[in-house]
Amino acid sequence: MRTYMATEKDIERKWYVIDAAGLPLGRLASEVARILRGKHKTIYTPHLDVGDHVIVINVDKILLTGKKAQRKYYYRHSGYPGGIKKIRYDHFLAKNPERLFYLAVKRMLPANRLGRAMLKKLKVYRGADHRHQAQQPAEWVFVPKRVAER
């Protein structure tokens, strides 16, 4: 028996829309990264981009569980001595929720040209409106375990 490896002609991409309202940031970001990578498909091949397009709406209503909103910081560095910048997650979420979610997903994908190609299929929007109705996206229902138990 031989191991199946997908080729470019086997890949069929779909569009999914996910409503992020009331969902935890990390759990949703890992699910989106899984869809972008293509791990939900039976033809998953690690060296190919077999994933689907994902539209995430309502990221301004995403949750941070526990006290992470006040205690967790996002760090960046300018490259100069003493050039470290930090911003608390609740301020970052209020200022630019699209960027916050984008970075969470980006850091869960491979750090190479394949990961960059996967990231191009992610569309993030603050409100409930998006510009991709022509692609007829299907709704991806995501219920995280912890939220479902409550």
Scanning the stretch 1-26 residue by residue, those under 28 Å from G127 (Cβ atoms) and either among the aliphatic types (A, V, I, L, M) or crowded, with 17+ Cβ neighbours inside 10 Å (or both) turn out to be W15, Y16, V17, I18, D19, A20, A21, L23, P24, L25
Checked Y102, Y89 against criteria (without any contact (Cβ under 8 Å) to a residue 40 or more places away in the chain and more than 12 Å from the chain's Cα centre (by Cα)); the one match is Y89
(request) Taking K68 as the residue in question, decide whether it is modelled with pLDDT of 95 or more and not β-branched (V, I, T). (result) no
The condition from (1) over 22 Å from V143 (Cα atoms); (2) touching a helix residue (DSSP H, G or I) at 6+ places or on another chain (Cβ under 9 Å); (3) in contact (Cβ under 8 Å) with a residue 40 or more places away in the chain that R37 misses is numbered (1)
Practice problem: Kindly establish whether L109 is under 17 Å from D52 (Cβ atoms), in contact with a helix residue (DSSP H, G or I) (Cβ under 9 Å, 6 or more places away or on another chain) and modelled with pLDDT of 95 or more. | Solution: yes
Given (1) in contact with a His (Cβ under 9 Å, 6 or more places away or on another chain); (2) closer than 21 Å to G22 by Cα, I84 misses just (2)
- Task: Examine the stretch 134-150 for a residue that is free of Cβ contacts under 8 Å to residues at least 12 places away in the same chain and closer than 14 Å to D19 by Cα, and state whether such a residue exists.
- Result: yes
Would you check if F142 is touching a helix residue (DSSP H, G or I) at 6+ places or on another chain (Cβ under 8 Å) and part of a helix (DSSP H, G or I)? no
Within the stretch 112-137, residues being assigned to a loop (DSSP other than H, G, I, E, B) and of a type in the set (K, R) number 4
Out of (1) at negative phi; (2) more than 13 Å from the chain's Cα centre (by Cα), the one G79 does not meet is (1)
For S30, the lone unmet condition from (1) under 21 Å from R113 (Cβ atoms); (2) among the polar types (S, T, N, Q); (3) at pLDDT 95 or above is (1)
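The values are calculated or read from the model by the stated rules, or taken from the named source; none is laboratory data. Since the model is a prediction, treat every value here as computed from it, not as a measurement. Neighbour counts are summed over all protein chains in view; Cβ atoms, including those assigned to glycine, are modelled from backbone coordinates with ideal geometry.
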